[in-house]
Amino acid sequence: MGAGLRRLGCALGLLAGLAACETSDLAPRNTDVAPHQRPDGLKPEPPAVAPPKRRSLASLDLERFYAQFETDSLARGLLRTDGGGPDTPFTDTMLARNFERIALAEEYERGEGLRPSRGGYGAIKKWTQPVRVAVEFGDLVPEDQRVQDTNMVTQYVDRLSRITGHPITMTGGVSNFHVLFMSEDDKAMIAPRIREIVPNVTPSALDLFDDLPRSIHCLVMAFSATPGGSDYNQAIAVIRSEHPDLLRRSCIHEEVAQGLGLGNDHPRARPSIFNDDDEFALLTTHDELLLQMLYDPALRPGMTADEARPIYTAKASTLLGGQS
């Protein structure tokens, strides 16, 4: 213990001596000797910090536009979330007819961007392989919105899997159904990302992203392994992140369901989200039945309307108990 105290005493004495020297009149106040310059590279310069990215006026303007659109629609009784009710009855005959209009017709010419379809019926289009869904976000989508949107997609994917009986799950790994939430400021990223996912995508399918009209709230593109094929193996949905909550959820419901094979809209389909009148925001009971019909194993990709009609007509009758 004595040695320890001595060491402490010596240390205190040294500190006191240094302090006395620093305040002594003998210590020079000024000197003509220039200090040595610090060698270059001894202390690296701090990295330049990029200023935080800010949303453009165009993106903020779209956000206001869609917020007003949602408010006006709700005031007019649109964007319903009740799934249909006593005011929207339908029979098995109506259900079968709507299935034909929505599952066998197409809204746009395949591979031609927003060019309207010439009409007529095509073939049954659906997935036979498991669907693995992943979400992606543009750089300026806020973190809380990313969490909210991921949760909405996850819940909806679980519901679609139960409805169809088909394996549809979320994944953090290799995916084949990509849901992209992008803002106006991210539009330069969209076409390269789509080309990365589907290298042989036609240029006309990508051109529309250069100047997407405000009237297009969201869209989906589905692809098969062979050109013009009916067995889907990739799909990409693009949803504007400027939408308010209900419109984003509405886009999730419609585009993911369309990417499963219900590719068309029809003005007489009711109660349904596959109708451009915006009466319903979310998947309805009618739409659930359409998905059950589409994913009946008896309906195979590539079937024509004539081949498929007896199958989906019988299925509609079974689902609704023959309510003609």
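Scanning region 291-301 for residues that are surrounded by fewer than 18 Cβ atoms within 10 Å (Cβ to Cβ) and either more than 11 Å from Ile124 (Cβ to Cβ) or touching a Gly at 6+ places or on another chain (Cβ under 8 Å) (or both) turns up Gln292, Pro297, Pro301.
Within region 171-194, being surrounded by 17 or more Cβ atoms within 10 Å (Cβ to Cβ) and of a type in the set (A, V, I, L, M, F, W, C) holds for Phe177, Val179, Leu180, Phe181, Met182, Ile190, Ala191, Ile194. Among the residues in region 63-72, are any modelled with pLDDT under 95 and surrounded by 12 or more Cβ atoms within 10 Å (Cβ to Cβ)? There is no residue in region 63-72 that is modelled with pLDDT under 95 and surrounded by 12 or more Cβ atoms within 10 Å (Cβ to Cβ). All conditions in (1) over 20 Å from Asn233 (Cα atoms); (2) under 13 Å from the mean Cα position of the chain (by Cα); (3) assigned to a helix (DSSP H, G or I) hold for Val153, with the sole exception of (1). Could you list, in sequence order, the residues of region 283-305 that are in contact (Cβ under 8 Å) with a residue 40 or more places away in the chain, in a loop (DSSP other than H, G, I, E, B) and more than 13 Å from Ser230 (Cβ to Cβ)? Correct list: Leu283, Thr284, Tyr295.
Does region 131-150 hold any residues that are outside any helix (DSSP H, G or I) and either hydrophobic (A, V, I, L, M, F, W, C) or surrounded by fewer than 14 Cβ atoms within 10 Å (Cβ to Cβ) (or both), and which are they?
We begin by selecting, within region 131-150, every residue outside any helix (DSSP H, G or I); these are 131-142.
Residues satisfying the conditions are Val131, Val133, Ala134, Val135, Phe137, Asp139, Leu140, Val141, Pro142.
Could you check region 221-263 and list, in sequence order, the residues that are surrounded by fewer than 20 Cβ atoms within 10 Å (Cβ to Cβ), farther than 19 Å from His166 by Cβ and in contact with a Lys or Arg (Cβ under 8 Å, 6 or more places away or on another chain)? Within region 221-263, just Gly228 meets the criteria. Tally up the residues in region 166-204 that are without any contact (Cβ under 8 Å) to a residue 12 or more places away in the chain and in a helix (DSSP H, G or I), please. Counting residues in region 166-204 that are without any contact (Cβ under 8 Å) to a residue 12 or more places away in the chain and in a helix (DSSP H, G or I) gives 5. So, Tyr232, is that one in contact (Cβ under 8 Å) with a residue 24 or more places away in the chain and over 23 Å from Gly122 (Cβ atoms) or not? No. Can we say Asp32 is modelled with pLDDT of 90 or more, acidic (Asp, Glu) and outside any helix (DSSP H, G or I)? Answer is no for this residue. The set of residues in region 276-290 that are buried (at least 22 other Cβ atoms within 10 Å of the Cβ) and either out of contact with any Pro (no Cβ under 7 Å at 6 or more places or on another chain) or at pLDDT below 95 (or both) comprises Ala281, Leu283, Asp287, Leu290. Among the residues of region 182-233 satisfying the criterion of being touching a Gly at 6+ places or on another chain (Cβ under 7 Å) and among the hydrophobic types (A, V, I, L, M, F, W, C), which is farthest from Lys53 (Cα to Cα)? Filtering first and then ranking leaves Ala222. Could you list, in sequence order, all residues of region 217-232 that are within 18 Å of Met303 (Cβ to Cβ) and in a strand (DSSP E or B)? Residues satisfying the conditions are Ala222, Ser224, Asp231, Tyr232.
Which residue is nearest to the chain's Cα centre (by Cα), if the candidates are limited to region 257-275 and must be more than 20 Å from Ala235 (Cβ to Cβ) and modelled with pLDDT under 95? Going through the qualifying residues, I end up with Asn275.
Being free of Cβ contacts under 8 Å to residues at least 24 places away in the same chain, within 16 Å of Arg101 (Cβ to Cβ), out of contact with any helix residue (DSSP H, G or I) (no Cβ under 9 Å at 6 or more places or on another chain) and assigned to a loop (DSSP other than H, G, I, E, B) is a condition met by at least one residue of region 247-267.
Every test in (1) more than 18 Å from the chain's Cα centre (by Cα); (2) over 16 Å from Ala235 (Cα atoms); (3) surrounded by fewer than 15 Cβ atoms within 10 Å (Cβ to Cβ) is passed by Asp158 save one, and that test is (1).
Taking first residues from region 142-165 that are under 15 Å from Ser250 (Cβ atoms) and partners that are assigned to a helix (DSSP H, G or I), the Cβ contacts under 6 Å between residues at least 6 apart in sequence or on separate chains come to Met152/Arg249; Met152/Ile252; Val153/Ile252; Tyr156/Ile252. Ile216 satisfies every condition listed in (1) crowded, with 18+ Cβ neighbours inside 10 Å; (2) under 18 Å from Arg249 (Cα atoms) except (1).
The values are calculated or read from the model by the stated rules, or taken from the named source; none is laboratory data. Predicted, not measured: the structure shown is a model, and the values here were computed from it. Reconstructed Cβ throughout: ideal geometry from the backbone, glycine too, with neighbour counts over all protein chains shown.
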